[in-house]
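Input: a single structure, listed below in structure tokens.
The values are calculated or read from the model by the stated rules, or taken from the named source; none is laboratory data. Please read these numbers as outputs of a predicted model, since none were measured by experiment. Cβ sites come from the backbone with ideal geometry, for glycine too, and all protein chains shown count toward neighbours.
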Amino acid sequence: MVIKIITNFFSRIFAGLFGGRTNMAIGFYGPPNGGKTTLANRICKDFTGEELGKVSKIPHETTKVQMAEQLKFEHKGRNMTFKIIDTPGIATKIDFEDFMKHGLKEKDAKKRAKEATKGVIESIKWLDDVDAVVVVLDAAQNPYSQVNITIIGNLIARKLPVLIAANKTDLKRANVKRVEAAFPEYDVVGISAKHGKNIEEFYESLYKLSK
């Protein structure tokens with residue numbers, strides 16, 4: 001009974017998200033280690049029971065775009081399909097020495113830096129193929145960073161619908177109000193993707209995103 005109630009709730013939320021559409025691509029963007037893949041995994045597990053990608057404390061774990069496609073639901077006799085596009089973290093500077101600080105040897109660090117640079121380029125290109133964007137930020141970090149401003153600037157220029165997920169609210173330093181003050185033009189929802197905290201409000205905010 002509990003599983004059925006949860007499934008009906010998610011179906012209702014995403015039915016509202018799609019409105020009259022039957023297909024929608026949602027891009028997950030943000031700086032490295034903000035929790036994009038963790039959030040994507042949370043959503044995929046809610047709908048399919050399976051995770052989308054690997055997470056790590058090392059920055060730029062996701063070096064290529066990964067997608068959960070053909071996530072299908074039925075609501076009021078209408079079939080809906082959507083896909084989640086989890087993109088590599090955006091960065092304005094990638095230095096292989098930063099990877100060495102996480103224990104990688106120089107050769108591996110240089111390889112990871114090269115892959116991360118390609119990932120940033122790929123992420124930007126994918127902005128042409130998404131219908132809406134969820135910007136996932138670490139709520140415990142400074143929201144006024146150059147990277148965040150670069151990301152938001154790109155989205156403003158493209159006039160894409162945007163929702164900001166202020167992630168990692170389980171951390172003591174997390175400050176959702178600071179994120180809201182930094183980006184007052186967008187809806188901001190505080191969540192902990194890792195622990196599933198406030199995930200229902202996140203889905204509600206996605207519903208509003210399409211209106």
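A few comments on the model shown:
- When the residues of the range 161-185 are filtered to those that are in contact (Cβ under 8 Å) with a residue 40 or more places away in the chain and part of a loop (DSSP other than H, G, I, E, B), the one that is nearest to residue 40 (Cα to Cα) is 168.
- Qualifying residues in the range 186-207 (those that are under 15 Å from the mean Cα position of the chain (by Cα) and part of a strand (DSSP E or B)) - the one surrounded by the fewest Cβ atoms within 10 Å (Cβ to Cβ): 187
- Here the condition is being basic (Lys, Arg) and either within 20 Å of the chain's Cα centre (by Cα) or modelled with pLDDT under 85 (or both); of 105, 118, 110, it holds for 118 alone.
- Residue in the range 111-130 that is surrounded by 21 or more Cβ atoms within 10 Å (Cβ to Cβ) and either in a strand (DSSP E or B) or among the basic types (Lys, Arg) (or both) present: yes
- Subset of the range 131-160 [surrounded by fewer than 16 Cβ atoms within 10 Å (Cβ to Cβ) and either in contact with a Ser or Thr (Cβ under 9 Å, 6 or more places away or on another chain) or not in a helix (DSSP H, G or I) (or both)]: 142, 144, 145, 146, 150, 159, 160
- Residue 63 being among the hydroxyl-bearing types (Ser, Thr, Tyr), under 14 Å from the mean Cα position of the chain (by Cα) and either part of a loop (DSSP other than H, G, I, E, B) or modelled with pLDDT of 85 or more (or both): no
- In the range 78-110, the residues that are surrounded by 14 or more Cβ atoms within 10 Å (Cβ to Cβ) and in a loop (DSSP other than H, G, I, E, B): 87, 88, 89, 90, 91, 94, 104
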